[in-house]
1. So, in region A:80-108, exactly how many residues are basic (Lys, Arg) and within 13 Å of chain B (Cβ to nearest Cβ)?
2. Please pick out the residue among A:Gln6, A:Gln41 that is of a type outside the set (Phe, Trp, Tyr), within 13 Å of chain B (Cβ to nearest Cβ), at negative phi and in a strand (DSSP E or B).
3. Pick out the one residue from B:Gly16, B:Gly102 that is more than 11 Å from chain A (Cβ to nearest Cβ), of a type in the set (Gly, Ala, Ser) and in contact (Cβ under 8 Å) with a residue 24 or more places away in the chain.
4. If you check B:Leu11 against the conditions, is it at pLDDT 95 or above, outside any loop (DSSP other than H, G, I, E, B) and either within 23 Å of A:Phe45 (Cα to Cα) or not hydrophobic (A, V, I, L, M, F, W, C) (or both)?
5. Kindly indicate whether B:Pro40 is within 14 Å of chain A (Cβ to nearest Cβ) and surrounded by fewer than 19 Cβ atoms within 10 Å (Cβ to Cβ).
6. Restricted to region B:49-63, and to residues that are within 14 Å of chain A (Cβ to nearest Cβ) and surrounded by 18 or more Cβ atoms within 10 Å (Cβ to Cβ), which residue is farthest from the chain's Cα centre (by Cα)?
7. Applying the selection to region A:20-34, what residues are buried (at least 21 other Cβ atoms within 10 Å of the Cβ), of a type outside the set (A, V, I, L, M, F, W, C), in contact with a Gly (Cβ under 9 Å, 6 or more places away or on another chain) and assigned to a strand (DSSP E or B)?
8. For region B:86-111, how many residues meet the condition of being in contact with a strand residue (DSSP E or B) (Cβ under 7 Å, 6 or more places away or on another chain) and either of a type in the set (A, V, I, L, M, F, W, C) or surrounded by fewer than 18 Cβ atoms within 10 Å (Cβ to Cβ) (or both)?
Amino acid sequence: DTGVSQNPRHKITKRGQNVTFRCDPISEHNRLYWYRQTLGQGPEFLTYFQNEAQLEKSRLLSDRFSAERPKGSFSTLEIQRTEQGDSAMYLCASSLGKGTLKYEQYFGPGTRLTVT
Amino acid sequence: QQQVKQSPQSLIVQKGGISIINCAYENTAFDYFPWYQQFPGKGPALLIAIRPDVSEKKEGRFTISFNKSAKQFSLHIMDSQPGDSATYFCAPVDSSYKLIFGSGTRLLVRP
């Protein structure tokens, strides 16, 4: 399977704990995006990387959130001191970022976070 | 601010019927207009997309109609099937290539 993969698929954590999610993009894609989706809503942009550089962060991304993409390969999204409002589906997408396919983003299955 | 308004919120169609979902946007800098399909528990999947220099694009049973002056685009699903039951999102692309999703339309196709 050469699609976008995300791990874990589900995470249940207690309020105040730290969690980390991983995304492995399609191998030749240089752009990687993180989105958050709450129940019944469309995904909302959080941040994106071009190769290893983090180029934009949404104001939705509070100081408790941090994302990395070391060496321009996989990416991690960490949430510190989780709150119940962080409960959502965290989606990762990747794109080629150039040429005629630059706009096409391919999503992973998401990580469902539940904060109790 | 709500840059993208999608309607209807939900839609029920009989098998074989036509499903129509609409999207209105504000940002004239949007440069690519995709529709995504999402099944429960899955990530969104790119269904069909159109560039702003084209007024219509058809792929199988799916058609996008684009009206640049009205800042609207719509998805038409012909011969709707129960397997098309899913949530559909319009998600125009902004200048930094990120998707700006609408609120979604939950489609149910009855057998």
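The values are calculated or read from the model by the stated rules, or taken from the named source; none is laboratory data. Fair warning: this is a prediction, and the values are worked out from it, not measured in the lab. When we count neighbours, we look across all protein chains shown, and the Cβ atoms used for this are built from the backbone with ideal geometry, even at glycine.
1. Summing the residues that are basic (Lys, Arg) and within 13 Å of chain B (Cβ to nearest Cβ) in region A:80-108 gives 2.
2. Of the residues listed, the single one that is of a type outside the set (Phe, Trp, Tyr), within 13 Å of chain B (Cβ to nearest Cβ), at negative phi and in a strand (DSSP E or B) is A:Gln6.
3. B:Gly16
4. No; evaluated as a whole, the condition is false for this residue.
5. yes
6. B:Ile50
7. A:Arg31
8. Counting residues in region B:86-111 that are in contact with a strand residue (DSSP E or B) (Cβ under 7 Å, 6 or more places away or on another chain) and either of a type in the set (A, V, I, L, M, F, W, C) or surrounded by fewer than 18 Cβ atoms within 10 Å (Cβ to Cβ) (or both) gives 15.
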